[in-house]
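*Asks:* Quick one: structure below, then a few questions.
The values are calculated or read from the model by the stated rules, or taken from the named source; none is laboratory data. Remember, it's a predicted structure, so these values are computed and weren't measured experimentally. Note that we place each Cβ from the backbone using ideal geometry, even for glycine, and neighbour counts take in every protein chain shown. Accessible surface is based on the protein model in full, side chains and every heavy atom, while ligands, DNA and RNA are left aside. Shrake-Rupley method; radii C 1.70, N 1.55, O 1.52, S 1.80 Å.
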Amino acid sequence: MALGAPAATPLVTDGRLIVVPLEDGRLVGLEASSGRTLWTAPLNNPPVAAPVIAGDRIYIAQREGVIKVLNTASGEEVWHSRFVAGSFEASPLVADGVVYAYSTDGI
């Protein structure tokens, strides 16, 4: 299956959805059972670490210090926030409703 750009990070799945971050700044949601494209969402910049799927949300820590949260069903942005002046270089961790992210400025 061609998506028009190489993957920027490893793919992630929850068994129903496969999330593919692309080097051209798009995030693509594929149906795991068929490979059919369900949605495409703009990220502006490709992440340097894999997104995380937790419940009905996708969490993406981006290098410009932004965390984006998207809906798994639609790919629509639920919220985003700029937390730090530094850069997120690793995947976020989601536990008990809290998002933890390591940046060049700390956690």
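*Asks:* What tally of residues in segment 64-76 results from selecting those that are under 25 Å from residue 105 (Cα atoms) and either assigned to a strand (DSSP E or B) or open to solvent by less than 20 Å² (accessible area, probe 1.4 Å) (or both)?
*Replies:* So the count comes out to 6.
*Asks:* So for segment 79-86 (the condition being open to solvent by less than 30 Å² (accessible area, probe 1.4 Å), within 19 Å of residue 13 (Cα to Cα) and in a loop (DSSP other than H, G, I, E, B)), does at least one residue qualify?
*Replies:* Within segment 79-86 (the criterion being open to solvent by less than 30 Å² (accessible area, probe 1.4 Å), within 19 Å of residue 13 (Cα to Cα) and in a loop (DSSP other than H, G, I, E, B)), the answer is no, since none of the residues qualifies.
*Asks:* Select from segment 14-41 the residues that are open to solvent by less than 20 Å² (accessible area, probe 1.4 Å) and not in a strand (DSSP E or B) and write down the one among them that is farthest from residue 102 (Cα to Cα).
*Replies:* 35
*Asks:* Could you check segment 42-52 and list, in sequence order, the residues that are assigned to a strand (DSSP E or B) and within 8 Å of the chain's Cα centre (by Cα)?
*Replies:* 52
*Asks:* Of these, 94, 66, 52, 48, which one is touching a residue at least 12 places away in the same chain (Cβ under 8 Å), touching an Asp or Glu at 6+ places or on another chain (Cβ under 7 Å) and within 20 Å of residue 10 (Cα to Cα)?
*Replies:* The unique qualifying residue is 48.
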